[in-house]
Amino acid sequence: MSVLATIAAEAVELAQSELPAADQKGIAGAAGAGMAYGLAAIGPGIGIGYLVGQAVQAMARQPESAGTVRTNMFLGIAFTEALALIGFVVFILLKFA
Amino acid sequence: MFGLEYPPIDNLVVWPDALFEGTILGFNKIALISLLAMLIPAAIFFFSKKDLVPRGLQNVAEGAVELVEKEVILPAIGPDGLRYLPLLLSVFLFVFFGNIFEVIPVFQMPANARMANPMFLALMVLVVFTFIGFKYNGAKFFTDIAWPPDVPVGLRPLVGFIELLSTFILRPFGLAVRLFANMLAGHILLVTFGVLCIAVASGWLFPLLALTFPMLVLLTGFEIFVSFLQAFVFALLTAVYIGLSLHPAH
């Protein structure tokens with residue numbers, strides 16, 4: 001966390017310095033974008049790891065139900081992954097828009 | 001670093017109109033890829049023979065039908081969903097061929113990395129599952145969606161608001177953003193490694209090419225997998241939403 005706080009403090013300091021307004025906006029946007037995607041990736045990362053782990057365990061214990069488990073696994077991944085992808089879209093918007 | 005010049009995002013995803021420039025009929029690379037994504041599956045099904053023992057192209061067509069039937073419709077809707085096979089198969093093939101142009105040389109751009117395509121598909125899915133819900137459940141469709149059975153009366157406004165919001169706003173939004181962001185992320189990833197390879201190869205750091213180029217090849221393979229997976233997930237979620245509209249109580 002202290003690394004994140006340092007980056008944020010640096011960004012704020014740079015943004016408040018004597019740079020032109022466009023540069024300040026770019027700096028703040030880049031710092032915010034990096035943090036938005038990084039933070040958005042934590043939860044879905046844990047979630048997808050847990051989900052796939054449990055699915056593999058289920059397939060190993062009951063190979064005959066592997067088809068159903070696989071379909072439901074992809075469904076779960078799709079829903080979990082959406083959060084990370086919204087973070088990615090926010091990244092693109094902050095960085096480039 | 002390393003004289004790396006990353007192109008601005010407009011160079012990666014915005015293509016100028018090739019025909020009818022500036023009018024509403026403007027025809028650019030994305031439109032061409034979308035048209036091909038429509039024509040190629042049609043051609044596969046049109047030119048494949050209907051033999052008892054499949055050979056060549058017929059294997060592709062039958063494989064696609066079987067995949068959608070066995071892996072998408074039967075687990076997600078059940079046997080009464082087989083009448084939606086044409087819809088789900090066309091959605092799957094259109095999304096897949098729109099995605100796969102990401103790794104085909106000359107094109108190198110997934111049509112679904114522009115928001116228009118996924119958004120339009122998601123709106124179509126919204127219309128389809130609302131229509132199916134009305135057709136088979138009448139006005140009960142709305143109340144069944146708003147309140148799962150035995151919700152206390154006091155909680156109904158809150159639960160109803162959340163459920164209607166998640167069904168009619170968040171479902172199409174999630175569907176569109178999932179496809180769009182996956183393809184855009186893949187495209188940017190490939191561009192990043194391509195730019196890195198070029199930058200490394202032209203300087204004194206060229207031995208590093210031994211690291212970056214295999215990575216580019218691996219990521220290209222990974223993107224083929226992602227193209228397929230996203231098309232599959234899109235068709236699967238469409239099927240799940242249709243199934244929930246057919247039997248909304250559970």
| query | Taking neighbour Cβ counts within 10 Å as the exposure measure, how do A:Phe88, B:Phe107, B:Phe20 sort from fewest upward? | reply | B:Phe20, B:Phe107, A:Phe88
| request: Could you run the Karplus curve 6.51 cos²θ - 1.76 cosθ + 1.60 with θ = phi - 60° over the stretch B:181-186 and give me ³J(HN,Hα) per residue in whole Hz, x for Gly and Pro? | output: 5, 4, 6, 5, 4, x
| Normalised per residue, the volume of the convex hull around the Cα set of the protein assembly as shown (Å³) | 236
| Hypothetical label at B:Leu67: residues of the stretch B:84-109 whose amide nitrogen lies under 17 Å (7 Å Cα-Cβ projection) | B:85-104
| remark: The summed charge of the B:Val128 Cβ neighbourhood (under 14 Å; Lys/Arg +1, Asp/Glu -1) stands at +3
| Residues B:Glu5 and B:Val53, FRET efficiency given R0 of 41 Å [Cβ-Cβ distance, rounded to 0.05] | 0.15
| note | Between the residues B:Gly98, B:Val191, B:Leu158, the Cα farthest towards the positive end of the dipole of the stretch B:9-246, that dipole coming from +1 and -1 charges on the beta-carbon of Lys, Arg, Asp and Glu, is from B:Leu158
| task | Evaluate the relative contact order of chain B (contact order divided by residue number), counting alpha-carbon pairs under 8 angstrom at least 6 apart; express in whole percent. | result | 28
| Exposure proxy check: B:Met38, A:Met73 ranked by fewest other beta carbons within 10 Å? | B:Met38, A:Met73
| task | Give me the angle, in degrees from 0 to 90, between the Cα long axis of helix B:209-246 and the longest principal axis of the Cα atoms of chain B, rounded to the nearest 10. | result | 10
| remark: Dividing the helical contributions, -39500 (n - 2.57) per DSSP H run of n ≥ 4, by the residues of chain B yields a 222 nm value, nearest 500 deg cm²/dmol, of -21500 deg cm²/dmol
| query | So, counting K/R as plus one and D/E as minus one, what does the shell of residues with Cβ under 14 Å around B:Val177 add up to? | reply | +2
| note | Cα-Cα pairs in the stretch B:190-250 separated by more than 20 Å, as a whole percent of all pairs, come to 52
| task | Describe numerically, in nm with one decimal, the distance between label points set 7 Å from Cα along Cα→Cβ at B:Leu35 and at A:Gln24. | result | 4.9
| task | Could you give the size of the charge dipole of the protein assembly as shown about its Cα centre, using +1 on the Cβ of each K and R and -1 on the Cβ of each D and E, expressed in debye and rounded to the nearest 20? | result | 780
| said: Mean Kyte-Doolittle hydropathy of 1.0 or higher plus an axial Cα length of 24 Å or more: which whole DSSP H helices in chain A meet both? | reply: A:66-96
| task | Pull out a ≥ b ≥ c, the square roots of the eigenvalues of the alpha-carbon gyration tensor of chain A, then state rounded if a/c is under 1.5, prolate if not and a/b is larger than b/c, and oblate in the remaining case. | result | prolate
| message | What does the charge count around A:Met35 come to, taking other residues whose C-beta lies under 15 Å from its C-beta (Lys +1, Arg +1, Asp -1, Glu -1)? | response | 0
| query | Taking the stretch B:152-211, which chymotrypsin sites (Phe, Trp or Tyr not before Pro) meet the DSSP loop condition and have no more than 11 other C-beta atoms within 10 Å? | reply | B:Trp204
| note | For B:Glu163, B:Glu5, ascending order of other Cβ atoms within 10 Å (fewest first) is B:Glu5, B:Glu163
| task | Measure out, as a whole number of angstrom, how far apart the alpha-carbon centroids of the stretch A:17-67 and the stretch B:170-185 sit. | result | 15
| What is the average number of partner chain Cβ atoms found within 10 Å of a Cβ in A:74-86? | 5
| task | Please state the charge dipole magnitude for the stretch B:25-79, taken about the Cα centre, from unit charges on C-beta atoms (+1 on K and R, -1 on D and E), reported in debye and rounded to the nearest 20. | result | 220
| request: Kindly express, to the nearest 10 degrees and within the range 0 to 90, the angle between helix B:156-165's C-alpha long axis and the longest C-alpha principal axis of chain B. | output: 40
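Taken together, the values in this text are just the output of simple stated rules run on the coordinates, not laboratory data. None of the values given here were measured: they were computed from a predicted structure. So basically every Cβ, Gly included, is an ideal-geometry build from the backbone, and we count neighbours across all protein chains shown.
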